[in-house]
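Quick note: the coordinates plus some simple rules give every number you see, no bench work behind them. Quick caveat, the model's predicted, so the values are computed rather than measured. Please note: Cβ atoms are built from the backbone with ideal geometry, for glycine as well, and neighbour counts cover all protein chains shown.
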Amino acid sequence: MLQKKALAWRSLFLPKIKMKEQMDILLVEDELALGAVLSRYLQNQSLTVVWSTSAEDAFDKLLSTEFHLMIIDVQLPEEDGFQLADKVKKLLPTQPLLFLTALAGKENRTRGLALGAFDYIEKPFEMDELMLKIKNILNFTTQQPTTNSSNDVISLGCMSFHKSRLALMAANGVQRNMTVREAEILGFLAERKDTLVLKKEILLKFWGDTDYFNGKSLEVFISRLRKLLKDEPTVKIDSIYGAGYILVTATG
């Protein structure tokens, strides 16, 4: 209780982080005190917040309203946050997700990222840290590419990577949807294909530090990207032990 009161008090004095446009957030948090604090803080940051206290209610709201981001507490009653995320991704594969959890450990972080979440933050957390993660997600997902920009579509063998659509398109027209973070990492590797990209560089760019858990998160995303690319024999992601990754293409 003291922690929640401290969060509420501190949130009143944090500076606003400006967003380019109005953003709609679906917050899924069953703890009433924490949910109220988070809602008030995010609204103070000029975000529009819809707050649900259960997975069922959140999913119903998602069916009728489009949200720029879902913030999901993992430990929800009846249906947990992981189960909710799985349902959401089946319905809306590109829906950005951010997990909140009091569950520590690599297994939970890995499970959340494997479900397609953009990021993961452990309780207790600093409000400004949460807002920076939200800002990074929204800035990426709402980027408007230049019309017909050649930089928006990258050829990878017989596949084409559409960065703004978060999708890989096969030669037969089959589209494979990606998460925001998957698209970020693939885009970063594709910009320097056939060149070693240091693991440290990727971690600093997308996670902000190089700690052990972020390194494991990156490995999860690389594994998911390999699965997305597995049917294209001319493209693969090679791991260079102790160094980083190379997006290898047959054409160079």
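Computed from Cα positions, the angle between helix 55-64 and the longest principal axis of the chain comes to roughly 70 degrees. Between Ala170 and Ser239, the contour length at 0.36 nm per residue exceeds the alpha carbon distance by 22.4 nm. Full extension of the chain segment joining Lys205 with Ala33 gains 58.5 nm, where the gain is 0.36 nm per residue of separation less the Cα-Cα distance. The string of couplings for the range 25-36 from the Karplus curve (6.51, -1.76, 1.60, θ = phi - 60°) is 10, 9, 9, 10, 8, 8, 6, 4, 5, 5, x, 5 Hz, one whole number per residue in order, with x for Gly and Pro. Taking Cα atoms only, the orientation of helix 127-141 departs from the longest principal axis of the chain by about 40 degrees. In this calculation the C-beta distance from Phe125 to Ser46 is compared with R0 = 35 Å, giving a FRET efficiency of 0.95. Taking every alpha-carbon pair under 8 Å whose residues sit at least 6 apart, the chain reaches a relative contact order of 13 percent. Fully extending the segment from Thr249 to Phe188, taken as 0.36 nm per residue of separation minus the present Cα-Cα distance, adds 20.5 nm. Evaluating 6.51 cos²θ - 1.76 cosθ + 1.60 at θ = phi - 60° for every residue in the range 169-179, the Karplus couplings come out as 10, 7, 4, 7, x, 6, 9, 10, 6, 10, 7 Hz, glycine and proline recorded as x.
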